[in-house]
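Okay, so here's the structure we're looking at.
The values are calculated or read from the model by the stated rules, or taken from the named source; none is laboratory data. What you are looking at is a predicted structure, and each value in this text was computed from that prediction instead of being measured. Cβ coordinates were reconstructed from backbone atoms using ideal geometry, including for glycine residues, and neighbour counts include every protein chain displayed.
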């Protein structure tokens, strides 16, 4: 059976039963840091990304909205009523949204809007997939996050004559919405944590609480009221000048399915905890190498990293040509690629996928982690050791799925990195 892009967002959402709490909070999701690792240059043909800086920066995108320049990166839904004015992008219709046509999936990132709203406005800030929605209600003076049950908070300082910064943070499982009154400096925030179910169906290990991962493109619009004036939009990464940046599909996005209590033991988190410099991941459930090739160009040229680790192919789509394209792009950015074997899965498709990955590794003399050996029954990369994977029971559709590493699988995958890429670590790893 060929593994194709599963509708992971829907599946994960469906595996969370309704819970009774009306408020779920967590510690702040603000995550910025200064790195100690310097980037190592690698000889390659440079591939330019428009507007990308020469030096590392956390600023991925920044635009002041007005009628003096064009904004082709903003895509309007059919029916959206908008006009560019000297003050900003003015939205007056209640149908559809405006999309920032830049694909991001960094585990630590934030979007900041500067807005002014009419007294009867309900403004929407969402992902294009609808997995994360925030509404700001000026009449009721409330801010809402669309969870089941709904998470919301009253903010009495909301006033239609004032400008506001709306900041939406994503830090792996933690999501924070902060509203700041530019005129008074008063602010408040709403914080929630995505608590994964582990498996699915009979494999569920945790009741969980589904929040969403802010996939894939940022959107905004006016749900109700007279106008929403958007004056400025910025997208900011949690850190820059990284030692390690990790790319992949849902296997590299354990924040989507790991129970919160176990999340520090996910393989990506273990690597980033012990690596000898600031690290970050950019995983996206259901994606293929085509999606990685798209989003890496919106992330890596800005934040920059010494090493870029890629684990991709469980959902199909790999060819020698596009794997080579990805490797050459990473090299062009002055980074060192690490191309991993994908873990074992219930269908055995990792065998052919990893033969191809090995061909590309040899072509460019690259290192990679043997995650198939770490997750196989006989440590030979052939048959999945089901005890290393969460059990996802999709009876009637996908069948019995075993390809998302659990705590045991994560520990074995992390251990494999100590063997295959020890240069990521220094001193004694504990």
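Here is how the numbers come out for the structure above:
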{"quantity": "Criterion: under 30 Å from residue 267 (Cα atoms) and more than 22 Å from the chain's Cα centre (by Cα) - qualifying residue of 224, 191, 205", "calculated": "205"}
{"quantity": "Verdict on residue 89 being farther than 30 Å from residue 300 by Cα and surrounded by 22 or more Cβ atoms within 10 Å (Cβ to Cβ)", "calculated": "no"}
{"quantity": "Segments classed as helices (runs of 4 or more DSSP H), wholly inside region 314-429, with at least 2 members that are under 19 Å from residue 253 (Cβ atoms)", "calculated": "350-364, 371-374, 407-420"}
{"quantity": "Some residue of region 318-338 being surrounded by fewer than 24 Cβ atoms within 10 Å (Cβ to Cβ), farther than 30 Å from residue 54 by Cα and without any contact (Cβ under 8 Å) to a residue 24 or more places away in the chain", "calculated": "no"}
{"quantity": "Pairs with Cβ under 7 Å, 6+ apart, first in region 155-182 and on the phi > 0 side of the Ramachandran plot and in contact (Cβ under 8 Å) with a residue 60 or more places away in the chain, second in a loop (DSSP other than H, G, I, E, B) and buried (at least 20 other Cβ atoms within 10 Å of the Cβ)", "calculated": "172/107"}
{"quantity": "Scan of region 99-124 for residues that are buried (at least 23 other Cβ atoms within 10 Å of the Cβ), assigned to a strand (DSSP E or B) and either within 21 Å of the chain's Cα centre (by Cα) or not assigned by TED's automatic domain parsing to the domain that holds residue 232 (or both), ordered by number", "calculated": "108, 109, 110"}
{"quantity": "Filter result for the condition that a residue is modelled with pLDDT under 95, touching a helix residue (DSSP H, G or I) at 6+ places or on another chain (Cβ under 9 Å) and under 18 Å from residue 390 (Cα atoms), over 212, 208, 198", "calculated": "208"}
{"quantity": "Pick from region 242-261, criterion farther than 14 Å from residue 282 by Cβ and in contact with a strand residue (DSSP E or B) (Cβ under 8 Å, 6 or more places away or on another chain), ranking: surrounded by the most Cβ atoms within 10 Å (Cβ to Cβ)", "calculated": "258"}
{"quantity": "Given (1) in a helix (DSSP H, G or I); (2) closer than 20 Å to residue 59 by Cα; (3) touching a strand residue (DSSP E or B) at 6+ places or on another chain (Cβ under 8 Å), index of the condition residue 306 fails", "calculated": "(1)"}
{"quantity": "Flag if residue 272 is under 24 Å from the mean Cα position of the chain (by Cα) and within 12 Å of residue 247 (Cβ to Cβ)", "calculated": "no"}
{"quantity": "Among residues of region 244-254, those that are closer than 19 Å to residue 275 by Cα and in contact with a helix residue (DSSP H, G or I) (Cβ under 7 Å, 6 or more places away or on another chain), counted", "calculated": "6"}
